[in-house]
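Chemist: Structure in structure tokens, see below.
The values are calculated or read from the model by the stated rules, or taken from the named source; none is laboratory data. Only a predicted model underlies this, so the values are computations on that prediction, with no experimental measurement involved. Cβ: placed from backbone, ideal geometry, glycine included. Neighbour counts: every protein chain shown. SASA here: full protein model, heavy atoms, side chains in, ligands and nucleic acids out. Shrake-Rupley method; radii C 1.70, N 1.55, O 1.52, S 1.80 Å.
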Amino acid sequence: MPKTYNDIYFAVRSRLRDNGVEAFGLEARILLAAAAGKTTEQLMCDMYLYTSSEIEEKAMSMLERRLAGEPLAYIAGSWEFYGLPITVTPDVLIPRMDTEIMVAAAVEAVKQFGMKGRILDLCCGSGCIACAVASELPAARVVAADISSAALEVCRKNIKDNRLTSRIITMHADATTWPPMSIGSFDVILSNPPYIPSRELIELDCSVRDYEPLNALDGGEDGLDFYRAIIKYWTIALRPNGLIMFEVGEGQADDVKRMLLRAGYVSVDSRFDTLGIERVVIGKWKNEF
Ligand code: GLN
């Protein structure tokens, strides 16, 4: 008896529910859409069509990976960020909703100051931040930089798939030392660097610890190594009145604000995420020369 997408959807959904997956309906939809090579919208339209045994087998093997604890984003290979589809592989972090706060703040600032905007996304990973700001700000020119060549490859795919090749270039760079001479200067530097204190890596949820790239999470002994280095080495790449924006971990905002003030930044401010955590720290570079 041939099965419809809906039959498989129900089978996947109930296995997820029985195994304690909270968002079982949503996850079943994303998983089945990925198995079928469709968007979730297409899947909804095709729900009562017959499917193939290949798609059923694929969905079931994806389901087993999910039940073994692998994050859905790596199984599906794609995750939504700021309304854009972002390819994810184990070489990059899965884009988090928290990070959308920084994108919103950057977009707002660029619009408010009437800047065209040359923007740097430092430690870009998948490039989700770079793609989101470039897609929101058609006049902006973005550089997406990372130390990981594997991440840059994923980033380039995301730039291409989101048709942003004319607005974003990628660059190999180490955030913990001086920028390459050729990099030029920026109106905005955005960074969601690794910020988990090394000894806390072991306490992370196993869906993060066992699957996500640890070099994208490990912020050194107190978790603040990258903020220190970026402020020290990358401030020279900011234009006068340029903005630096960091995503920070819970409880880190005050330390990062202090670092910015000590380095000569002004108008130091922050933004809260939906859980009320101070998540983004912003500073303005006031060039006195
Ligand atoms: N927010 C991520 C987490 O909770 C950490 C991201 C980072 O270190 N930049 O796992």
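Chemist: Given the condition more than 30 Å from LEU67 (Cβ to Cβ), in contact with a Leu (Cβ under 6 Å, 6 or more places away or on another chain), open to solvent by 10 Å² or more (accessible area, probe 1.4 Å) and aromatic (Phe, Trp, Tyr), answer yes or no: does some residue in segment 207-230 qualify?
Modeler: If we filter segment 207-230 for residues that are more than 30 Å from LEU67 (Cβ to Cβ), which is where we start, we get 219-230.
Filter again for in contact with a Leu (Cβ under 6 Å, 6 or more places away or on another chain), leaving none.
So far as segment 207-230 goes, no, none of its residues is more than 30 Å from LEU67 (Cβ to Cβ), in contact with a Leu (Cβ under 6 Å, 6 or more places away or on another chain), open to solvent by 10 Å² or more (accessible area, probe 1.4 Å) and aromatic (Phe, Trp, Tyr).
Chemist: Looking at ASP161, ASP146, which is the one that is under 18 Å from the mean Cα position of the chain (by Cα), under 26 Å from ARG65 (Cβ atoms) and either among the charged types (D, E, K, R) or open to solvent by 60 Å² or more (accessible area, probe 1.4 Å) (or both)?
Modeler: Checking each option against the conditions leaves just ASP161.
Chemist: For segment 17-24, indicate whether the set of residues that are touching a Phe, Trp or Tyr at 6+ places or on another chain (Cβ under 6 Å), surrounded by 16 or more Cβ atoms within 10 Å (Cβ to Cβ) and part of a helix (DSSP H, G or I) is non-empty. Don't jump to the end; show me each part of the working.
Modeler: Restricting attention to segment 17-24, the residues satisfying the condition of being touching a Phe, Trp or Tyr at 6+ places or on another chain (Cβ under 6 Å) are 17.
In the following step, the residues that additionally are surrounded by 16 or more Cβ atoms within 10 Å (Cβ to Cβ) were identified as none.
For segment 17-24, residues touching a Phe, Trp or Tyr at 6+ places or on another chain (Cβ under 6 Å), surrounded by 16 or more Cβ atoms within 10 Å (Cβ to Cβ) and part of a helix (DSSP H, G or I): absent.
Chemist: Does segment 236-246 include one or more residues that are over 16 Å from LEU120 (Cα atoms) and either over 17 Å from the mean Cα position of the chain (by Cα) or within 10 Å of the ligand (Cβ to nearest atom) (or both)?
Modeler: In the first step, residues of segment 236-246 are kept if they are over 16 Å from LEU120 (Cα atoms); the result is none.
No, that holds for no residue.
The rows are residues; the columns are (1) of a type in the set (Asp, Glu); (2) more than 23 Å from LEU72 (Cβ to Cβ); (3) outside any helix (DSSP H, G or I); (4) more than 11 Å from the ligand (Cβ to nearest atom).
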site: ASP174; (1), (2), (3), (4): yes, yes, yes, yes
site: TRP178; (1), (2), (3), (4): no, yes, yes, yes
site: PRO194; (1), (2), (3), (4): no, no, yes, no
site: VAL208; (1), (2), (3), (4): no, no, no, no
site: GLU212; (1), (2), (3), (4): yes, no, yes, no
site: ASP222; (1), (2), (3), (4): yes, yes, yes, yes
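Chemist: Do we have SER267 as surrounded by fewer than 22 Cβ atoms within 10 Å (Cβ to Cβ), outside any helix (DSSP H, G or I) and hydroxyl-bearing (Ser, Thr, Tyr) here? Outline the logic, then answer.
Modeler: Working: surrounded by fewer than 22 Cβ atoms within 10 Å (Cβ to Cβ): yes; outside any helix (DSSP H, G or I): yes; hydroxyl-bearing (Ser, Thr, Tyr): yes.
Yes, satisfied.
Chemist: Further question on the same structure: Looking only at segment 85-112, count every residue that is within 14 Å of the ligand (Cβ to nearest atom) and open to solvent by 30 Å² or more (accessible area, probe 1.4 Å) and tell me the total.
Modeler: Within segment 85-112, residues that are within 14 Å of the ligand (Cβ to nearest atom) and open to solvent by 30 Å² or more (accessible area, probe 1.4 Å) number 6.
Chemist: Report yes if some residue within segment 271-282 is open to solvent by less than 20 Å² (accessible area, probe 1.4 Å) and farther than 16 Å from ALA105 by Cα; otherwise report no.
Modeler: Within segment 271-282, not a single residue is open to solvent by less than 20 Å² (accessible area, probe 1.4 Å) and farther than 16 Å from ALA105 by Cα.
Chemist: I'd like the full set of residues that are open to solvent by less than 50 Å² (accessible area, probe 1.4 Å) and outside any helix (DSSP H, G or I), limited to segment 53-77.
Modeler: GLY69, GLU70, PRO71, GLY77
Chemist: Restricting to segment 247-289, what's the tally of residues that are at pLDDT 95 or above, of a type in the set (S, T, N, Q) and away from the ligand (no atom under 13 Å from the Cβ)?
Modeler: Count: 2.
Chemist: Ok, one more. Inside segment 25-52, can you point out the residues that are surrounded by 15 or more Cβ atoms within 10 Å (Cβ to Cβ), over 16 Å from GLU70 (Cα atoms) and among the charged types (D, E, K, R)?
Modeler: Of everything in segment 25-52, those that are surrounded by 15 or more Cβ atoms within 10 Å (Cβ to Cβ), over 16 Å from GLU70 (Cα atoms) and among the charged types (D, E, K, R) turn out to be ARG29, LYS38, ASP46.
Chemist: Return a yes/no flag: does segment 121-136 have any residue that is crowded, with 18+ Cβ neighbours inside 10 Å, away from the ligand (no atom under 14 Å from the Cβ), among the charged types (D, E, K, R) and farther than 21 Å from TYR74 by Cβ.
Modeler: The initial filter retains those residues of segment 121-136 that are crowded, with 18+ Cβ neighbours inside 10 Å, namely 121-136.
Next, only the ones that are away from the ligand (no atom under 14 Å from the Cβ) stay: 127, 130-136.
With the extra rule that they be among the charged types (D, E, K, R), the set shrinks to 136.
Now drop any that are not farther than 21 Å from TYR74 by Cβ, which leaves 136.
Looking through segment 121-136, at least one residue is crowded, with 18+ Cβ neighbours inside 10 Å, away from the ligand (no atom under 14 Å from the Cβ), among the charged types (D, E, K, R) and farther than 21 Å from TYR74 by Cβ.
Chemist: Give the residue, chosen from VAL88, VAL103, VAL107, that is under 18 Å from ASN162 (Cβ atoms), modelled with pLDDT of 95 or more, of a type in the set (A, V, I, L, M, F, W, C) and in contact with a Gly (Cβ under 7 Å, 6 or more places away or on another chain).
Modeler: Numbers: VAL103 fails: in contact with a Gly (Cβ under 7 Å, 6 or more places away or on another chain); VAL107 fails: in contact with a Gly (Cβ under 7 Å, 6 or more places away or on another chain).
Step by step, each of VAL88, VAL103, VAL107 is checked, and only VAL88 is under 18 Å from ASN162 (Cβ atoms), modelled with pLDDT of 95 or more, of a type in the set (A, V, I, L, M, F, W, C) and in contact with a Gly (Cβ under 7 Å, 6 or more places away or on another chain).
Chemist: So, in segment 61-76, exactly how many residues are closer than 15 Å to ALA33 by Cβ and in contact with a helix residue (DSSP H, G or I) (Cβ under 8 Å, 6 or more places away or on another chain)?
Modeler: Result for segment 61-76: 6.
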